[in-house]
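Below is one structure, written out as structure tokens, with a few remarks after it.
The values are calculated or read from the model by the stated rules, or taken from the named source; none is laboratory data. Since the model is a prediction, treat every value here as computed from it, not as a measurement. Here the Cβ positions follow ideal geometry from the backbone for every residue, glycine too, while neighbour counts run over all protein chains shown.
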Amino acid sequence: MSAHDPDPGPTPFASPRAAFREGVWVALGAPAVVLFAGMVGFGALSQSVGMSFWSSVASSALIYALPGQIVMAEMFAVGASGLLVSLAAALTAARFLPMMLTVIPQIPAEHRTGRLFLMAHLVAMTSWAIAVRSFPRLAPQDRQPYFFGFGLVCWAVCTPGTALGYLMAGHVPGPLTLALVFLNPLFFLLSFTEVRPTGFRLAIVAGAVLGPLSYLVSPSYSLIVSGLIGGSLAYAVQRLRQRTTIQDPS
């Protein structure tokens, strides 16, 4: 290919089914193991605060978001009403809206069907991080089946993981339970080590630095403050770098 030939882009899979199988295969490694372990920790945690077995298991199938599930368990432990628990869990899920908005534009319009609603339910920290990292290397028509293969495996392991953790509660030390819960966000952070945009990495570093500092000032608002300032700073730096590149392409 000469220097003037256009980049042909990624090589498509032979069929959507092949792209789906590739997503399944990728998920069956570390992503599924980490999510399963995290849900084991949540299952033990939910049992310790007095939640019922079926409520704990259903939360993994229907909420499918550890932060929201942990908030639900904590509010249940302090005796909050069902309405407040639902509102709190819903607010923790607000982050999925911008996450989904970054995924949908990368899927061609002709491939956007009613299955997008199911796809939205499969968006979690792990699946979104993998999508951001993998979509640029996939042909556009392969992205949705690949995501479904990956997301369905991750979602499927959460319910049995929660059930196992709930039934094992009392046999798992408290520190180990918390460690299992935090495996998921740790894997989420490590997933971005291969992401190219500098803004992504800067946002992670800024959040890691600002999080503890803002917690010392205001524990109740530290997460919001560090996320808002760190994310805005990373975005501003990324925009400045893009403008500099456009003005001076050499």
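The table below lists the values:
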{"read-out": "Unique residue being in contact (Cβ under 8 Å) with a residue 24 or more places away in the chain, of a type outside the set (A, V, I, L, M, F, W, C) and within 19 Å of Arg21 (Cα to Cα) when the list is Pro108, Pro145", "value": "Pro145"}
{"read-out": "Residue pairs meeting the criteria (Cβ under 7 Å; at least 6 apart or on separate chains; first at positive phi and not assigned by TED's automatic domain parsing to the domain that holds Arg95, in segment 217-243; second outside any helix (DSSP H, G or I) and not aliphatic (A, V, I, L, M))", "value": "none"}
{"read-out": "Residue list for segment 222-248, restricted to those being over 13 Å from Gly207 (Cα atoms) and either assigned to a helix (DSSP H, G or I) or at pLDDT 80 or above (or both)", "value": "Ala236, Val237, Gln238, Arg239, Leu240, Arg241, Gln242, Arg243, Thr244, Thr245, Ile246, Gln247"}
{"read-out": "Answer residue from segment 145-194, given it is β-branched (Val, Ile, Thr) and closer than 21 Å to Leu122 by Cα and is modelled with the lowest pLDDT among those", "value": "Val181"}
{"read-out": "Residue among Ala203, Ala208 that alone is farther than 15 Å from Pro98 by Cβ and in a helix (DSSP H, G or I)", "value": "Ala208"}
{"read-out": "Members of segment 64-115 found to be of a type in the set (S, T, N, Q), within 30 Å of Phe53 (Cβ to Cβ) and in a helix (DSSP H, G or I), listed by number", "value": "Gln69, Ser86, Thr92"}
{"read-out": "When residues of segment 16-35 are limited to those that are surrounded by 15 or more Cβ atoms within 10 Å (Cβ to Cβ) and not aliphatic (A, V, I, L, M), the one farthest from Ala179 (Cα to Cα)", "value": "Pro16"}
{"read-out": "Considering residues of segment 120-148 that are over 8 Å from the mean Cα position of the chain (by Cα) and β-branched (Val, Ile, Thr) only, the residue surrounded by the fewest Cβ atoms within 10 Å (Cβ to Cβ)", "value": "Val132"}
